[in-house]
Every structure is written in C-alpha cells, then in structure tokens.
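Working notes for the structure below.
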Amino acid sequence: SGTDWYILQAKWWKQWLHYSKSDNPKTGATVCTLSPTIRLPPIDNHYLLKTNSLALKANLMHLRDFELVPPLAWQALQSWHDGGPPIVRRTTPLEFCT
C-alpha cells in the first residue's frame with residue numbers, strides 16, 4: 001500500500017501561494033486570504049507531460065518543476081480553478097532490512 005499524491009506544475013502552485021496569502025501589516029503574520037485583484041488561470045499540468053501523452057517528461061525535479069499535494073487539496077483546487085489534467089502518483093513505503 002502507499003499514499004496517493006497529485007502533481008501540480010510548480011509555476012501554477014507558486015501563483016496559488018501568492019494568490020492565497022497576504023501579510024498582516026500590524027502583526028507581520030502571514031494570513032490566508034484570497035486576493036480580489038488576482039485571477040488565477042485554470043490549473044495547467046500539460047507542461048509536465050510528454051506531447052500527446054499522460055506520461056511525465058523525463059528529468060522533472062520536485063519543487064523546480066512540480067509540487068505534490070494530497071487528494072483533498074487537489075480536489076479543492078481543481079473545483080475552484082478547473083483545469084488539469086489530474087496527475088496522480090502513489091508513493092510506496094521503503095522497506096528496510098533489519
């Protein structure tokens with residue numbers, strides 16, 4: 001067994017983080033608020049995929065090219081912003097010899 005993770009293009013994820021955070025000038029704390037002046041485009045994961053395929057491109061790097069989010073986060077983001085395609089991967093736990 002393992003855990004499912006959804007893959008998001010890093011550029012879109014960074015836009016989402018910028019869109020969903022603002023700094024409180026009084027306390028200096030970062031709070032989660034949605035910016036009324038920024039309109040996010042739909043999720044676009046095509047950059048991560050081989051042409052006309054659902055296979056991932058070679059040499060993609062976590063954080064540079066993509067971010068991993070749990071299923072509930074993907075479902076929320078996809079329902080709010082549409083787009084895709086969904087790319088899900090299952091992690092497998094490492095087994096250590098003792």
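Computed from the coordinates by the stated procedures, all read-outs in this text should not be read as laboratory data. Quantities reported herein were computed from a predicted structural model and do not represent experimental measurements. All Cβ positions, glycine included, derive from the backbone under ideal geometry; neighbour counts span all protein chains shown.
Data for the structure
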item	result
Cβ-Cβ FRET estimate between SER20 and MET61, R0 fixed at 41 Å, reported to 0.05	0.95
Ordering of 72-82, 5-15 by burial proxy (mean other Cβ atoms within 10 Å per residue, highest first)	5-15, 72-82
Residue-count net charge about LEU48 - beta-carbon cut-off 15 Å; Lys, Arg +1, Asp, Glu -1	+3
Amide H partners (placed H, <5 Å) of ASN45, local residues excluded	GLY84
Cβ-based net charge around GLY83, under 14 Å, with every Lys or Arg adding one and every Asp or Glu removing one	0
